[in-house]
Amino acid sequence: MLNWLLRLGIPLAVLAGGVSSASAQPTGKEGAGKDGIGNDAIAQGEYIFNAAGCVGCHTEPKGGQRLAGGRALKTPFGTFYGPNITPDRETGIGGWTDKDFIRALREGRSPNGTAYFPVFPYTSFTHLTDQDLRNLKAYLDTQPPVSKRNRPHDVSPPFGWRFLLPVWQAMFLDKGGLPDAPDRDERWKRGRYLVQAAGHCGECHSPRNILGAIDRDRMLAGSPTGPEDKAVPNITSDPEKGIGKWSEGDLTFMLEIGMMPDGDFVGDGMKEVVENSTSKLTAEDRTAIATYLKTVPPVGR
């Protein structure tokens with residue numbers, strides 16, 4: 001499964017929207033949002049949607065209908081196609097309850113209990129709070145429904161055998177929230193939440209073991225085989241292999257407009273991440289991400 005377990009939302013480009021990121025930013029504790037399914041919940045959901053970059057994996061490039069699925073994700077094990085997540089009741093997720101939705105993102109299972117392939121980054125989304133998940137569902141429920149059936153994955157055996165997935169999940173899916181960090185301040189915790197849960201950065205920026213699970217000892221240390229077989233950089237604090245020489249300002253500027261310290265701009269998947277995800281975050285959240293990344297232990301690759 002290697003690095004094909006890409007983030008399901010290539011950026012997570014997880015969409016545009018009509019609500020400003022400032023008004024939609026969760027407040028208070030990490031991942032906090034207000035109760036209810038009113039305008040505030042929808043705005044909070046849009047913010048998480050952008051942070052996660054869902055539009056990238058769930059929308060075909062070059063004219064595809066927004067969130068109707070069909071984008072191809074080529075991996076060493078075959079090609080996976082992003083599903084329809086519009087509120088269409090027949091071909092999308094319009095018939096899902098909040099419980100169904102939370103189960104999918106936290107446990108990697110469909111409403112009927114079928115396990116999802118980990119190309120869907122539920123190993124990261126499992127750390128999202130219940131409130132953020134409910135708000136995300138509330139936002140998705142407001143999007144235009146599109147009737148478009150999901151395209152079957154083109155994956156060769158044994159990698160396409162779903163009956164093996166529960167075993168993989170039992171081995172590598174750590175369900176629930178992120179561990180407590182009482183010695184860290186709220187900005188660091190917010191940054192960790194955005195990197196490890198909502199933004200699922202480790203899904204692409206980490207090497208994997210022979211079974212396709214993230215190598216937790218080398219989290220964010222990059223991978224030689226990322227999306228479309230392109231290398232993904234090391235974003236640990238290693239000064240030579242990673243971003244240890246970058247300042248917090250360098251990082252926040254890159255997350256806002258995509259420009260790196262040397263004046264060059266990010267490309268490929270990260271360009272999508274910036275355009276559809278990190279540029280839509282508040283300045284405070286970009287700073288929180290930078291603060292957290294500067295503390296990630298240095299790992300050479």
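When the helices in the chain are scored as -39500 (n - 2.57) per DSSP H run of 4 or longer and the sum is shared across all residues, what 222 nm value do you end up with, to the nearest 500 deg cm²/dmol? Spell out each step's value before the answer.
Working: 12 runs with 98 residues, N = 301.
Value at 222 nm, helices only: -9000 deg cm²/dmol.
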- Message: Could you order the peptides 115-126, 55-66, 197-208 from most to least packed, using the average number of other C-beta atoms within 10 Å per residue?
- Response: 197-208, 115-126, 55-66
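Net charge near residue 144, counting Lys/Arg +1 and Asp/Glu -1 over other residues with Cβ under 15 Å of its Cβ?
Values: positive: 66, 89, 148; negative: 46, 88, 90, 141.
Every neighbour counted, the sum reads -1.
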- Item | Footprinting exposure proxy for 184, 109 (fewest neighbouring C-beta atoms within 10 Å first) | 184, 109
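Based only on Cα atoms, what mean projected area does the convex hull of the chain have, in nm²? Intermediate results must be reported in sequence, preceding the final value.
Details: hull surface 57.6 nm².
Value for the chain: 14.4 nm².
Which ordering of 260, 254 is given by a fewest-first count of other beta-carbon atoms within 10 Å? Can you show the working numbers first?
Details: 260 15, 254 21.
Ranked by crowding around the Cβ, least crowded first: 260, 254.
Is there a quick way to get the dipole size of the chain? I mean about its Cα centre, with the Cβ of Lys and Arg at +1 and of Asp and Glu at -1; what is the value in debye to the nearest 20? Can you show the working numbers first?
Working: 35 positive and 36 negative charges, 144 e Å.
Once rounded to the nearest 20, the dipole reads 700 debye.
Rounded, prolate or oblate: which fits segment 80-153 when a ≥ b ≥ c are the square roots of the eigenvalues of the alpha-carbon gyration tensor, with rounded for a/c under 1.5 and prolate only if a/b beats b/c? The partial results should precede the final answer.
Values: a/c = 1.78, a/b = 1.12, b/c = 1.59.
Taking the square roots of the gyration eigenvalues as a ≥ b ≥ c, segment 80-153 is oblate.
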- Query: What is the distance, in nm, between label points placed 7 Å from the Cα along the Cα-to-Cβ direction at residue 79 and at residue 112?
  - Reply: 2.5
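Could you compute the FRET efficiency for residue 174 and residue 210, with r as their C-beta to C-beta distance and R0 at 22 Å, rounded to 0.05? Intermediate values should be presented prior to the final figure.
Working: r = 19 Å, r/R0 = 0.86.
Using R0 = 22 Å, I get an efficiency of 0.70.
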- Quick calc, residue 282 & residue 90: beta-carbon distance into FRET formula, R0 30 Å, rounding 0.05, result 0.20
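Fewest first, what order do 77, 253 take by the number of other Cβ atoms within 10 Å? Don't skip to the end; give the middle numbers.
Numbers: 77 20, 253 17.
Placing the least packed residue first, the sequence is 253, 77.
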- Using the Karplus curve 6.51 cos²θ - 1.76 cosθ + 1.60 with θ = phi - 60°, work out ³J(HN,Hα) for each residue of segment 69-84 in order, rounded to whole Hz, and write x for Gly and Pro. x, x, 5, 7, 10, 7, 9, x, 10, x, 10, 9, 10, x, x, 6
- Grab the Cα-Cα distance for residue 230 and residue 167, subtract it from 0.36 nm times how many residues apart they are, and report the gain in nm with one decimal. 19.8 nm
- Item | Dimensionless Rg over Rh [segment 194-301; C-alpha; Kirkwood] | 0.94
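Computed from the coordinates by the stated procedures, all read-outs in this text should not be read as laboratory data. This one's a predicted model, so the numbers in the text were calculated from it and none came from an experiment. We place every Cβ from the backbone using ideal geometry, glycine too, and count neighbours over all the protein chains shown.
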